[in-house]
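Novice: Would you mind keeping the following structure in view while I ask a few things?
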Amino acid sequence: MASKIEAADIKVGMYVSELDRPWIDTDFLFQGFLIYDDEQVEKLRALCKFIYVDEEKSTPGLFASTPAAAAPKKTLKTPRVIIHDEKTAKTKQKSSGGFFSTLKKIFGDLRSSDEDDFSGHATNIDDNTEELETNHRVKLKSLRNDFSMKQNVTSAYAEYKTTTTIEQEIGTAQKLKQTFEEDIGKILTTEMNQANIGARIELAREFIEEVVESIIRNPDAMLMLTNLKQLDGASYRHALDVSVMLISFGRHLGIPKEELNHIAMGGLLHDIGKSRIPDETLNKIGSLAKEEQKDLRNHVDYGLEIIDSYENLNPITRTIVAEHHERHDGTGYPKQLAGDGINLYGAMAAIVEAFSAMTSPWPYAKAKTSALAVSILVSSKDKAYHPELVDHFIQVVGVYPIGAIVELSTGEVGIVIRQNKFWRLKPLVNVILSRNKAKLLKPYTIDLVQASKKETDEPLNIMAELPINTYGINPKDYFL
C-alpha cells in the first residue's frame with residue numbers, strides 16, 4: 001500500500017516508491033529505494049514537498065499496519081551456491097555447507113549475538129550499530145597496536161567519516177579512472193630507467209593524492225569501478241585495482257592519510273618489475289616451464305631494482321613492492337618471510353593483490369566471482385594470509401561487492417548497490433528481473449537485513465553472484 005508522506009514526516013526505513021517530480025530530475029540512481037540514513041532524509045526533504053511510500057516494503061513496525069513482531073520465524077532453508085553456465089544460461093546447484101560455514105566463522109565476531117544463523121539468513125539482528133562500531137574500533141586499535149609493537153609501523157589511528165554519497169562521488173571517481181587509463185597507467189607498466197622514473201612517479205603521485213581524497217570521502221564509488229572490470233586483465237588496470245583496494249583497506253584500518261598516499265603508490269608500483277618479463281611468459285596459457293616460472297618470480301627483484309634508483313620513494317611503498325608475494329606460512333617469495341616477519345603493509349598487499357588477480361580476467365584464466373575469491377581467502381587464513389587482516393579486508397570489499405549481479409533465493413535477479421557494514425552477506429540489492437527472469441518495469445530496492453526481520457513464506461538470501469552479461473545484464477548500464 002502506497003501512502004503520501006509530507007516532507008517533514010519522511011523517516012529512515014521508509015521505502016520511496018514515487019516522488020512528487022520525475023525521477024530523471026533527481027540524482028537518485030534507481031526508481032524506488034529504501035531510505036537508509038539521515039542524509040537521504042534531508043536530501044528528500046530539500047527536494048520534495050511530498051513522496052509516496054510503500055508500507056509493505058518499509059522497515060517492519062514503521063507503520064501501524066506493518067506488524068513489528070509476528071509469529072515465530074519459520075525455519076529457513078540453507079542457501080546453495082549456484083554455478084552459472086554462460087553458454088547455456090542455465091544453473092547447476094551444488095552443496096555449499098563448507099563455504100557458508102566458513103563465512104559464518106569469519107563474520108561471527110561482527111554480530112552482537114551468536115544466536116544468529118550466518119548461513120545467509122539472520123533471525124535476531126541487533127540494531128545497536130553504535131555498540132558494534134565501538135567494538136569494531138577497539139578491535140582495530142588492538143590489531144594496529146600489535147603490529148606496532150612488533151614492527152616499525154605507526155599505531156596512530158585516524159577516524160574517517162563518509163561525507164558524500166556514492167551518487168555524489170561517482171563522477172569524480174569516473175574522471176580519475178579515465179585519467180589513469182589515458183595518462184598514467186601504461187607509463188607505469190612499461191620499463192623505467194634512472195632517466196625517467198622520477199618524472200613518472202611524480203606524475204602518479206599527484207593522481208594518487210586525488211584518489212585518496214575521493215576514497216576518504218566515500219570508498220564505495222572507486223571500489224564499485226574496480227568491480228566493473230574490463231573484459232581483459234590489463235596489468236595497468238590491475239595496478240589501479242590494487243591501489244584502490246589498498247587505500248580502502250587502509251582507510252578501514254584507520255591508517256593516517258599521509259601513509260595512505262604511500263600505500264597507494266605501492267599498489268600502483270607493486271608489479272612494475274613485470275615490465276622486464278617477456279609478454280609471452282606473462283600471458284602464456286597453460287603451465288609455465290621451470291625457467292619461465294623462475295623468471296616470473298624475479299619480477300619482485302626487478303621491481304626493487306627499478307624503484308631503488310629513485311631516492312624520494314617512501315619505505316612503505318618499497319615494502320609493498322618487496323613483500324606482496326610473501327605468505328604468512330613462509331611459502332611465498334622472494335625471501336620466504338613468515339608471520340610477523342612480514343610487514344603490515346606487505347601483509348595487506350598480499351591479500352589485496354591475490355583478490356584482485358582472482359577477480360580479474362586474464363588471457364590464461366577467467367575471472368572468479370568475488371564470493372568465490374572470498375571463500376579462497378577464508379580457506380587460506382593463517383596459512384597464506386594474516387587471519388585478522390583477511391577478516392578486515394572482507395569487511396571492506398564485502399562478499400558481494402557493489403555492482404555485483406546476484407540471484408536471490410526467490411529467483412529474482414538484481415545488482416548490489418550498497419553494503420550493510422556489519423552483515424556482509426546481506427547488502428542492499430536493486431531487483432531488476434522477476435523470478436521468471438523478465439525485466440521489471442519498476443525495479444525496486446530491498447535491504448536483505450530488514451527483509452530478514454519480516455515474516456515471509458520464502459527465505460530472502462543471495463544464492464549466487466552471477467557473471468557480467470548473465471541474462472543480458474551489465475551493471476555499467478545501470479551505474480555509469
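The values are calculated or read from the model by the stated rules, or taken from the named source; none is laboratory data. Quantities reported herein were computed from a predicted structural model and do not represent experimental measurements. FYI the Cβ positions are ideal-geometry reconstructions off the backbone, even for glycines, and counts take in every protein chain you see. Note: accessible area is taken over every heavy atom of the protein model, side chains too, but ligands, DNA and RNA are not part of it. Shrake-Rupley method; radii C 1.70, N 1.55, O 1.52, S 1.80 Å.
Novice: Could you order the peptides 317-326, 415-424 from most to least packed, using the average number of other C-beta atoms within 10 Å per residue?
Specialist: Numbers: 317-326: 24.6, 415-424: 20.9.
Highest mean packing first, the order is 317-326, 415-424.
Novice: Per residue, how many Å² of accessible area does the range 209-292 show with a 1.4 Å probe? Spell out each step's value before the answer.
Specialist: Numbers: 2970 Å² over 84 residues.
Per residue, the range 209-292 has 35 Å² of solvent-accessible surface.
Novice: Something else about it: Roughly what would the spin-label model give for Ile187 and Val138, points 7 Å off Cα along C-beta, in nm?
Specialist: Once both label points are built, they end up 5.0 nm from each other.
Novice: OK, next. Give me the accessible area per residue for the range 353-473, probe 1.4 Å, as a whole number in Å². Display every interim value, and only then the final one.
Specialist: Numbers: 4060 Å² over 121 residues.
Dividing the accessible area of the range 353-473 by its residue count gives 34 Å².
Novice: Would you mind getting me the FRET efficiency between Glu206 and Ser309? Use the beta-carbon distance for r and R0 = 22 Å, nearest 0.05.
Specialist: On the way: r = 20 Å, r/R0 = 0.93.
After rounding, the FRET efficiency stands at 0.60.
Novice: Would you please give the FRET efficiency between Lys150 and Thr331, computed as 1/(1 + (r/R0)^6) with r the Cβ-Cβ distance and R0 = 25 Å, to the nearest 0.05? Present the calculation step by step, with values, prior to reporting the outcome.
Specialist: Details: r = 21 Å, r/R0 = 0.83.
Calculated transfer efficiency: 0.75.
Novice: Does the range 252-395 come out rounded, prolate or oblate, given a ≥ b ≥ c as the square roots of the eigenvalues of its C-alpha gyration tensor, rounded meaning a/c under 1.5 and, failing that, prolate meaning a/b above b/c? Show your work: numbers first, answer last.
Specialist: Details: a/c = 1.56, a/b = 1.07, b/c = 1.45.
Verdict is oblate for the range 252-395.
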